[in-house]
Amino acid sequence: MVAPESVMPLTRRRFLESLGPAAFLLASPRRLLGQGMASRGVRPAPRPKFSGKPFPVTFTDVAPRAGLTTPVVYGEEYAKKYIVEANGPGIAFFDYDHDGWLDIFLVNGTRHEGFPPGQEPTNHLYHNNRDGTFTDVTEKAGLKHSGWGYGVSIGDYDNDGYDDLFLTHFGKNILYHNNGDGTFTEVTEKAGLREPGTRYGTGCTFVDYDRDGHLDLFVSRYIDLDLAKTPVGGANRYCTYKGVSVNCGPLGLAKEFCSLYHNNGDGTFTDVTAKAGILAPGGRFGLSAVAFDYNNDGWPDLFVACDSSPNLLFRNNHDGTFTEVGMEAGVAVNGDGQEQANMGVAVGDYDGDGWLDLFLPHFSDDTPLLLRNVKGEFFDDLTYAAGMAVNTRYVCWGVDFADLDNDGWLDLFHVTGTVYPEVEKVYPDYKFKTQRVVYRNLGNGSFEEVSDLCGPAVLESHASRGCAFGDFDNDGNLDVLIMNLSEPPSLLKNENRSGNHWLVVKLVGTRSNRSAIGARVAITAGGRRQIREVLSGSSYISQSDLRQHFGLGPAPRVDQIEVRWPNGQGEKVGSAEADQFVTIQEGRGIVKAERYR
Amino acid sequence: MTSCGFAIILTVVKNGRMRVRFAVAICALLLAVTPARAQTPEVKRPSRQAIPSAQQAEVAQLAANAMAALRRGDSAGAIQGFEKLTKLAPGVAEFHANLGMAYYSAGRFRDAIPPCRQALKLKPSLTATRYFLGLSLAESGQCGEALPYLEKDYPRLPDPQLKRAMGMDALRCAMAMNQPDKAVDFLRWLSRDFPDDPDVLYLSATVYSELSTRASQRLLQTAPGSYQAHQFNAEVMEYQGKVGDAIEEYRKVLTLNPNAPGIHYRLGSLLLAGERGPTTLDEARREFEEELRIDPESAVAEYQLAEMARQARQWDEAVERFRHAAKLGGKFEDALIGLGKSLVSANRAAEAIEPLEAAVKLAPDNPVAHYQLSFAYRRLGREDEAKKELAAYRETHEKLLRAGQAIRAGIQGRMTAPQTVEPPE
């Protein structure tokens, strides 16, 4: 009998191979028929057998009883005319009054039609009352503002001891100076950060790129968007999804550029974008930005997660300039050489080898990207190998590596929600609101999904975007704050029952920037070494707790703490007992140790 | 008239059928009465003896007029003139031949047949007339008679336009006569002679599809309970995305023929493509392994097992299986790329170079091959080569994107060019 292979192609793969290069496009009908976002149209990988290990973490949404009841307004709930309304903002954990308890900053949006005067939605600052509740202090703080708010990052740009606030907008970005008395003053123009016209700012990160002790600022942008000239749903192939008319873009629209602002040390900034080499790689659909030292040379580098265009990795040249090395480093596109729709970014050393890795969430019908840092030379796409390709149905946004069960290994948590509510009306299975996803780190380089084990709050459906991680109730467990479109935020309290030990480290710079952004902390406990880096930005255009949380497993103490400060200087701090919050000041070691419970 | 040439206009008309109309400028096919008239290599000057001397002047004039009419595209005038000529001088083969051609150019294919036949009866050496007889028979649906002419004349026809038209007509006739062998022959010849012609390409797609449909219908009629019939059904369901139904049909195939090659492979692939449960992975693996038991040469089954091993980080198994798949599959660049990826992941980058270079050579337009090779070079510190491959990746990736845009534009009829603004000052 003649083998079928010789008679006809057995598989779509072989058939498509015979068609030549166009086959790679035909393999993904969506790419062939066109849509606004990059997605490979892949199926999820088979799930490996569950490890059987218990995951003793559940989450409870305490937002309602905490007083977080104001919904975010971001265009119409079930109809997104423009992409501006579909993407949505970030959210921040932010100890604005430095009392050791995390407060919350919620970025808000608006509607194209506007609101009657006095009824415009505004950003919100919530003060932590330390009893599980929060109080809205927005007006008192001088932070009322209405507009298409996007990203948020925290950093003490003037080194006065209080973290300031920077917000990006579709519109004009805003810098708020923290006055130290519970109030803020808008200083954008004074600081030299006011831009002409309307630009689409998204991710932002404070970074001391020249190690002069002052926090500089990096901003990413998304689209050069003029709503008056932007097509609407169905206008062309970039404005349909699964045959349904949807908001257009980003494909088909004009890309934008990032900006770098140098802190002059006197409260003002200078735009050094061109001089620093930030324009060299050309435009992108830039979203979340984060500064971190990927090659362990002591200088912060810059990463931008980009939507439907290659991601950016700017390597710090140590001389005020950067070289974009995304492609060479293997972070620009996935292992198949294709760009993806990467909206957020998580930075963490998930395999404990001393090098910071990346996780990039994804659009639906595609996988995320788990990029393992190989000694700072390049990144390896280990998405499939690490068990991360088991979900392709969600559109994913805010994300972070976080040790949720305090076993000493960084787990992963991300939020989801699609951008096309219109599609659900035609395809009921394509939900606008979808669940959160939790992956447990198995400690062997791979992960397994444990969402079903984490309680109903994780499985609830929302159209979420930004999320921030931090211990809002100071019980040693990392909680999750989530921005939900057209709903109040979620505040997921981590009810970790593992009994594992932990340590939270707050760093305060003296010669370095006060916020210690860019500082690298390494601890040794139970024979294992773990690292963390103080990050401004990350997740999806959000800001997590600047304090660094470590899970210690059964180890009752940390044998050694080492800090590499943003100015490059190292410091051995010594040991510490577990289950407490320690404050380490540059040059002075541990200056405070607290237990809140 | 001094030269002979054909100007041919092709039009594709509705319903996907092709008609050929010729606007024929015939320079010299006949004419005996005027010495100035040139002769074609094929047409001899008609004998003066065929025309009574009393009529030669009239005939000459009529012929001149008829020729002029034909030259300026006045088919009706040409027909009228040559009809008179064939009555006046019925023994002149060329008059009949030209009448036939005039009818043909007017689209009166059925009317063209008798004069062409008569011309060939009087003078069998009129080759051009034989071409038009075959074409006229085909165009008027008399395929049984047309095919022998077309089959014989197609290979000899020097003029490419005429050849193409003849090939198309022959193909249609072969299909109409249900002679698939002949149809495939003509398709092969047309594809060989006109490889980039859109009409030929369209016909190829249509005809092969039609042949496939006929064969499948015959299969289902003659052997409805056969394993081949179930296999065919399964493939149709698979194409339609009915994964569950396809799996059921494939299992029926195996019930009838447990050793049918390719079936376990398809089952495994469908299991991976459908809804997943905790045992899906193991079930799929078993199918691929069973496929290899039946057909140890199945490169694709080996490939699937290799890919599963790679995704499970079982590098040694992945390497071994990809290597075997590449060896079995011959020009199987996916297997070579998988092998390269696995070797790199297993920290054996030096060994990855050979298969990845082979993949690039096999498929120079595949951006993935270039990307992976660039990575492997970088791992080994071969920076110049890494840069070269990265540049090749960028070029092939861009080319692929442009090809995709072209396909989309063709299908959807629109093309919008995304822009990038200039950076601000």
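A few points about this structure:
- For residue A:229, the lysines whose Cα falls under 16 Å of its own Cα, not counting residues fewer than eight places away in the same chain, are A:81, A:255.
- Å³ per residue enclosed by the Cα convex hull of segment B:172-255: 110 Å³
- Using only alpha-carbon positions in the protein assembly as shown, the gyration tensor eigenvalues give semi-axes of 72, 33, 25 Å once each is multiplied by 5 and square-rooted (largest first).
- Listed by chain and number, the lysines whose alpha-carbon sits under 28 Å from that of residue B:84, ignoring those within fewer than 8 places in the same chain, are B:44, B:121, B:123.
- Relative to one another, the C-alpha centroids of segment A:115-165 and segment B:134-166 are positioned 83 Å apart.
- Cα centroid separation, segment B:250-316 to segment A:481-515 (Å): 46 Å
- Across peptide A:327-339, the mean count of Cβ atoms from other chains lying within 10 Å of each residue's own Cβ comes to 5.
- Isolated Cys residues of chain A, judged by Cβ distance under 4.7 Å to other cysteines: A:204, A:258, A:306, A:396, A:454, A:467
- For residue A:574, distant residues with modelled amide H under 5 Å away: A:561
- Loop-located GluC sites (Glu not before Pro) in segment A:133-227, at most 15 other Cβ atoms within 10 Å (DSSP): none
- Point-charge dipole on Cβ atoms (K/R +1, D/E -1) for chain A, about Cα centre, debye to 20: 1560 debye
- Using θ = phi - 60° in the Karplus curve 6.51 cos²θ - 1.76 cosθ + 1.60, the 3J(HN,Hα) couplings for segment B:74-84 round to 8, 4, 4, x, 5, 4, 4, x, 6, 5, 4 Hz; x is entered for Gly and Pro.
- Along segment B:213-227 the Karplus relation, 6.51 cos²θ - 1.76 cosθ + 1.60 evaluated at θ = phi - 60°, assigns HN-Hα couplings of 4, 5, 5, 5, 4, 5, 4, 6, 7, 8, 9, x, x, 6, 5 Hz to successive residues, with x for each Gly and Pro.
- The Cα atoms of segment B:161-204 cover 26, 17, 14 Å along the three principal axes, with the biggest extent listed first.
- Computed [θ] at 222 nm, helices only, for chain A once each DSSP H run of length n ≥ 4 contributes -39500 (n - 2.57): -1500 deg cm²/dmol
- Mean separation of Cα contacts under 8 Å (6+ apart) over length of chain A, as relative contact order %: 16 percent
- Shape metrics for segment B:88-185, restricted to C-alpha atoms - Rg then Dmax, Å: 13.2, 46
- Tensor-based shape of segment A:454-573 (alpha-carbon gyration tensor, a/c under 1.5 rounded, otherwise prolate or oblate): oblate
- Global form of segment B:264-354, assessed from the alpha-carbon gyration tensor, a/c cut-off 1.5: oblate
- With 26 Å as the limit, the listed pairs A:53/A:592; B:341/B:387; B:341/B:388 have A:53/A:592 beyond it between alpha carbons.
- Separation of the alpha carbons by more than 23 angstrom is noted, of B:182/B:331; A:144/A:172; B:327/B:361, for B:182/B:331.
- Overall, the anisotropy analysis places chain A in the rounded class: the square-rooted eigenvalues a ≥ b ≥ c of its C-alpha gyration tensor yield a/c less than 1.5.
- Taken residue by residue and averaged, Cβ atoms of other chains lying within 10 Å of the Cβ of A:251-260 number 3.
- As a rough guide to protection, the peptides A:78-86, A:307-315 ranked by mean Cβ packing within 10 Å, highest first, stand as A:307-315, A:78-86.
- Under 5 Å, built H, 5+ apart or other chain: amide partners of residue A:515: A:156, A:509
- Under a 5 Å amide H cut-off, with hydrogens placed 1.01 Å from N, residue A:201 pairs with A:169, A:170, A:171 among residues at least 5 apart or on other chains.
- Each listed q (0.11, 0.17, 0.18, 0.20 Å⁻¹) maps to a log10 I(q)/I(0) for segment B:128-210 from the Debye sum over equal C-alpha point scatterers, namely -0.24, -0.58, -0.65, -0.81.
- Electrostatic dipole magnitude of segment A:517-597 [Cβ: Lys, Arg +1; Asp, Glu -1; Cα centre; debye, to 20]: 80 debye
- Within straight-line reach of residue B:242, meaning a Cα separation under 20 Å, sit the following lysines at least 8 residues removed in sequence or on another chain: A:242, B:252.
- Computed from phi, the 3J(HN,Hα) profile of segment A:363-374 under the Karplus parametrisation 6.51, -1.76, 1.60 (θ = phi - 60°) reads 8, 5, 6, 8, 9, x, 10, 9, 10, 8, 6, 9 Hz, with x in place of Gly and Pro.
- Taken residue by residue and averaged, Cβ atoms of other chains lying within 10 Å of the Cβ of B:360-373 number 3.
- Descending by average beta-carbon neighbour count within 10 Å, the peptides B:357-363, A:195-201 line up as B:357-363, A:195-201, the highest first.
Each value in this text was obtained by applying a stated rule to the coordinates, not by laboratory testing. In this text the structure is predicted, and so the values were computed from the model without any measurement. Note: ideal-geometry Cβ built from the backbone for every residue, glycine included; neighbour counts use all protein chains shown.
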